[in-house]
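For reference, the structure is listed below as structure tokens.
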Amino acid sequence: MKGQSSLELLITVGVVIAFTIPVLFLLLSVSSIGYEDTAKAQADATSRTVADSMNSVYAQGPGAQREVLVNIPPSTQSLYASDGEVVVRIKTGGGAFDAASPTIAKIGAGSMTITGKGGLIKLVIRANNNGEVELIDPAAP
């Protein structure tokens, strides 16, 4: 009698585990896909925010400055501004994804590329005396 109940319990636990493991793998794969979509949306929002801030500072003229707090996805490879656009490049399962936003501002040579950062970071955007806008990371050495 004890052997039968032990065997029944063992079979029940085995069936539960057999159904649980595939469901867990499915949930993990779906969540990673959702994470990439969230990172892409975050990169788009960051590039738009920086581009809009650059346009605003450019419109105000030389001497204008603005500090912007942006949330950069953890998978970000770089954030840079050049040739009339702001680009946030992130790493995804399918390769690199560039979230680009156009800007009307003239981007100066003093703009820097921000690499290897993720999360909330503060950026300084200022217009120099030449009428160009610069993107500066105040935490950079």
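Taking the criterion of being of a type in the set (Val, Ile, Thr), over 20 Å from residue 61 (Cα atoms) and either assigned to a loop (DSSP other than H, G, I, E, B) or at pLDDT below 85 (or both), the residues of region 98-141 that qualify are 113, 114, 115.
Within the bounds of region 48-59, is there any residue that is under 19 Å from residue 91 (Cα atoms) and either among the β-branched types (Val, Ile, Thr) or assigned to a helix (DSSP H, G or I) (or both)? Yes; the residues of region 48-59 include at least one that is under 19 Å from residue 91 (Cα atoms) and either among the β-branched types (Val, Ile, Thr) or assigned to a helix (DSSP H, G or I) (or both). Among the residues making up region 61-92, those that are farther than 19 Å from residue 109 by Cα and of a type in the set (S, T, N, Q) are 71, 75, 76, 77, 92. Of the residues that make up region 42-61, is at least one exposed (fewer than 13 other Cβ atoms within 10 Å of the Cβ), over 17 Å from the mean Cα position of the chain (by Cα), modelled with pLDDT of 90 or more and farther than 22 Å from residue 122 by Cβ? Looking for residues that are exposed (fewer than 13 other Cβ atoms within 10 Å of the Cβ), over 17 Å from the mean Cα position of the chain (by Cα), modelled with pLDDT of 90 or more and farther than 22 Å from residue 122 by Cβ, one finds at least one in region 42-61, hence yes.
Contact list please: Cβ distance under 6 Å, first residue in region 84-108 and touching a residue at least 40 places away in the same chain (Cβ under 8 Å) and within 17 Å of residue 130 (Cα to Cα), second residue among the hydroxyl-bearing types (Ser, Thr, Tyr) and assigned to a strand (DSSP E or B), pairs at least six apart or on different chains. Close Cβ pairs (under 6 Å, with a partner that is among the hydroxyl-bearing types (Ser, Thr, Tyr) and assigned to a strand (DSSP E or B)) amount to 107/82. So for region 8-19 (the condition being surrounded by 12 or more Cβ atoms within 10 Å (Cβ to Cβ), more than 10 Å from the chain's Cα centre (by Cα) and among the acidic types (Asp, Glu)), does at least one residue qualify? No; the residues of region 8-19 include none that is surrounded by 12 or more Cβ atoms within 10 Å (Cβ to Cβ), more than 10 Å from the chain's Cα centre (by Cα) and among the acidic types (Asp, Glu).
The values are calculated or read from the model by the stated rules, or taken from the named source; none is laboratory data. Worth saying up front: this structure is predicted, and the values here are computed from it rather than measured. Every residue, glycine as well, gets a Cβ built from its backbone with ideal geometry; the counts of neighbours run over all protein chains shown.
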